[in-house]
Amino acid sequence: MELGVTSWQLWAESCSVIALRSMRMMQGGKLAEHEAERMVSEKIDANMGLAMKLATAGPTTPEKMMRRTITHYRRPVRANQRRLMR
């Protein structure tokens, strides 16, 4: 049950970040350009970081792997949410 709730939280936070980023990019200009570049580089960094974590985790259960994945992605998503809401 807890895994389902944290998955839903990640989904909701991600939707919020998508909306906030979309609004920023629709404004255009340097800020929008910087946000687009940041978005792409953050996704690459997050995926590479997760790949390393999972590759070096050793034997684990699918549930633990999923928890690590959600925890890994929630940190940057929440940071982006806080930054974009300022």
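Can you work out ³J(HN,Hα) from phi for every residue in the stretch 8-24, in order, using Karplus 6.51 cos²θ - 1.76 cosθ + 1.60 and θ = phi - 60°, giving whole Hz and x for Gly and Pro?
My calculation for the stretch 8-24 gives 5, 4, 4, 4, 5, 5, 5, 4, 4, 5, 4, 5, 5, 5, 4, 4, 5 Hz in order.
Among residues other than L54 whose Cβ falls under 13 Å from its Cβ, what is the net charge (Lys/Arg +1, Asp/Glu -1)? Working shown, then result.
Values: positive: K53, K64, R67, R68; negative: none.
Net of charged neighbours comes to +4.
To the nearest 0.05, how large is the calculated FRET efficiency for L31 and R82 if R₀ is 25 Å and r is the Cβ-Cβ distance?
So the FRET efficiency works out to roughly 0.90.
Using a cut-off of 14 Å between beta-carbons, work out the net charge of the residues near I70 (Lys and Arg +1, Asp and Glu -1, I70 not included).
It works out to a net charge of +4.
Per DSSP H run of at least 4 residues, take -39500 (n - 2.57); add these up for the chain, divide by its residues and hand me the 222 nm value, nearest 500 deg cm²/dmol.
Values: 3 runs with 76 residues, N = 86.
So the helix-based figure for the chain works out to -31500 deg cm²/dmol.
Based on the alpha-carbon set only, what is the convex hull volume of the chain divided per residue, in Å³? Can you show the working numbers first?
Working: hull volume 6.8 nm³, N = 86.
Taking only Cα atoms, the chain has a hull volume of 79 Å³ per residue.
Which ³J(HN,Hα) values in Hz, rounded to whole numbers, follow from the phi angles of the stretch 57-64 under the Karplus curve 6.51 cos²θ - 1.76 cosθ + 1.60, where θ = phi - 60° and Gly and Pro get x?
My calculation for the stretch 57-64 gives 6, x, x, 7, 8, x, 5, 5 Hz in order.
Once you have the Cα-Cα distance between W8 and E42, take 0.36 nm times their residue separation minus that, and quote the gain in nm to one decimal.
On the way: separation 34, 0.36 × 34 = 12.24 nm, distance 2.12 nm.
Full extension from W8 to E42 adds 10.1 nm.
Quote the charge dipole size of the chain about the Cα centre in Debye, to the nearest 20; the model charges only the Cβ of Lys and Arg (+1) and of Asp and Glu (-1).
On the way: 15 positive and 8 negative charges, 51 e Å.
Dipole of the chain, to the nearest 20 debye: 240 debye.
We did not get these values from a lab; they are worked out from the coordinates using the rules stated. Everything numeric here is computed off the predicted structure, so don't read it as measured data. Neighbour counts run over all protein chains shown; Cβ positions are idealised from the backbone, glycine included.
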